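Okay, structure first, notes after.
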2 protein chains.
Amino acid sequence: MDNDQITLLTGQVIAQMRQRAIPLGISNRHVHLSAMDYQRLFPGQPLMVKKALGQPGQFAAEQTVTLKGLKGQLKNVRLLGPLRGQSQIEISRTDARLLGITAPLRLSGDVAGSAGITLVSDYAEISLAEGVIIAQRHIHMSRLDAAIFGVKQGEIVNVEIKGTDRPLIFGGVCIRVGDDMRLELHIDTDEANAADIGEGKPTARLLLTQF
Amino acid sequence: MDNDQITLLTGQVIAQMRQRAIPLGISNRHVHLSAMDYQRLFPGQPLMVKKALGQPGQFAAEQTVTLKGLKGQLKNVRLLGPLRGQSQIEISRTDARLLGITAPLRLSGDVAGSAGITLVSDYAEISLAEGVIIAQRHIHMSRLDAAIFGVKQGEIVNVEIKGTDRPLIFGGVCIRVGDDMRLELHIDTDEANAADIGEGKPTARLLLTQF
């Protein structure tokens, strides 16, 4: 094969890879805890793995807590592991209304000045001054995938959902690139319901043109 | 003004009217009752108007019921008036999951073979074999608006939501034309949350090209 042939084939392979369906990850409400907050809620308990998640090293834990807001509470909310530098509680707008919490739309990790909440375990009840966010929709991807799609860390893109009775295009989707990341679109339950993911055969594709 | 000038101006006015923002109506879970089911639940009670709705003649009633499914219940669910030929309960996918009901995505009025439910008032509890749907997103409009937008009853269109941190394009939006209808996009709470309507300054526009 000469160089021209290789260039041609490579171009075709990359064009196909850019059209590839993006695996969907629907995030139900969940809790990430700092080591300190975990020890306050589950003193002396090891954090137990229940199920591995789509992103390498991430897992759903056996432990759950109750979220308590001013207006309501949500029980059996799962902890995700591993523990983090800062506690972060991710809920949907539906959850926020039920709890009576005014939570901002934020990227994961950006919790400064976010909403407060009370967390309850079998052992303790703790109040956090901040940490509650509604997660901005985002796509995790490796550096190689970012190069293939031609997108950068922090870029805002559009993703088309087809194959359901509620097709749509999500704008405001943030690209998150990491060596340990696997290609996956993360949306919350409100967003999944708005696209009727769960019914039909949904496929997600990155739109490489603006709308 | 000669005829050419009138044609030119008319064209410009229509082009502007096609770009007009569509008022947003967010439907929380609600109940339409047949006269018979109403009498079973509220014997001898007049249906009382609490608040007029966006569509002429439609209103939120003072009366509320509890929805009871296999897994959970939702209290204080508002009746809308006037009474209809058939009872119809409109919920979101979030509600369906909480209630433990498998409700189909349908246009209003298309309840044959839809999900059953139990309704509870202060006076009675009745079980319906069908009537529970998740409403397909739709736009109400007059015949004149349909002519201006160049769309037909039952046509499926796309609507762009801008001005929030979760911009998106809703596909699968059904056009509903009626002499007594006023221009309004109807979406449910899951869809409103996915677009972050309620935050920011959302505007909805009909997209006259396919995506």
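The values are calculated or read from the model by the stated rules, or taken from the named source; none is laboratory data. Fair warning: this is a prediction, and the values are worked out from it, not measured in the lab. Ideal geometry is used to build each Cβ from the backbone, glycine not excepted, and the neighbour counts take in all protein chains shown. Just so you know, the surface numbers come from the protein's heavy atoms only, side chains and all, with ligands and any DNA or RNA stripped out. Shrake-Rupley method; radii C 1.70, N 1.55, O 1.52, S 1.80 Å.
Structural remarks
- Scanning segment A:181-211 for residues that are more than 22 Å from A:Asp95 (Cβ to Cβ), among the charged types (D, E, K, R) and within 15 Å of the chain's Cα centre (by Cα) returns a single hit, A:Arg182.
- Applying the criterion of being in contact with a Leu (Cβ under 8 Å, 6 or more places away or on another chain) and among the β-branched types (Val, Ile, Thr) to the residues of segment B:162-185, the residue that is nearest to the other protein chains (Cβ to nearest Cβ) is B:Ile169.
- For A:Gly150, the conditions (1) at negative phi; (2) more than 9 Å from every other protein chain (Cβ to nearest Cβ) are fulfilled apart from (1).
- Qualifying residue in segment B:28-49 (condition: within 14 Å of chain A (Cβ to nearest Cβ) and either under 29 Å from B:Val151 (Cα atoms) or buried (at least 17 other Cβ atoms within 10 Å of the Cβ) (or both)): yes
- A:Gly25 vs. criteria closer than 30 Å to A:Leu208 by Cα, part of a strand (DSSP E or B) and open to solvent by less than 80 Å² (accessible area, probe 1.4 Å): yes
- Residue match in segment B:11-21 (condition: in contact with a helix residue (DSSP H, G or I) (Cβ under 8 Å, 6 or more places away or on another chain) and within 26 Å of B:Ile197 (Cβ to Cβ)): yes
- Some residue of segment A:191-206 being at the interface with chain B (Cβ under 7 Å from one of its Cβ atoms) and either in contact (Cβ under 8 Å) with a residue 40 or more places away in the chain or β-branched (Val, Ile, Thr) (or both): yes
- Residue pairs meeting the criteria (Cβ under 8 Å; at least 6 apart or on separate chains; first closer than 22 Å to B:Val159 by Cβ, in segment B:5-24; second exposed (fewer than 12 other Cβ atoms within 10 Å of the Cβ) and at pLDDT 90 or above): B:Arg18/B:Gly150
- Selection over segment A:90-119 of residues that are in a loop (DSSP other than H, G, I, E, B) and surrounded by 19 or more Cβ atoms within 10 Å (Cβ to Cβ) gives a count of 6.
Per-residue answers, yes or no, for (1) closer than 28 Å to A:Ile197 by Cβ; (2) modelled with pLDDT of 95 or more; (3) not assigned by TED's automatic domain parsing to the domain that holds B:Gly200:
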residue	(1), (2), (3)
B:Gln73	yes, yes, yes
B:Ala103	yes, yes, yes
B:Ala112	yes, yes, yes
B:Gly131	yes, yes, yes
B:Met141	no, yes, no
B:Phe170	yes, yes, no
B:Ile175	yes, yes, no
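- Qualifying position, being closer than 30 Å to A:Asp95 by Cβ and free of Cβ contacts under 8 Å to residues at least 12 places away in the same chain, among B:Ser108, B:Ser121, B:Ser127: B:Ser127
- Note on segment B:120-147: residues that are of a type in the set (A, V, I, L, M, F, W, C) and within 14 Å of another protein chain (Cβ to nearest Cβ) amount to 3.
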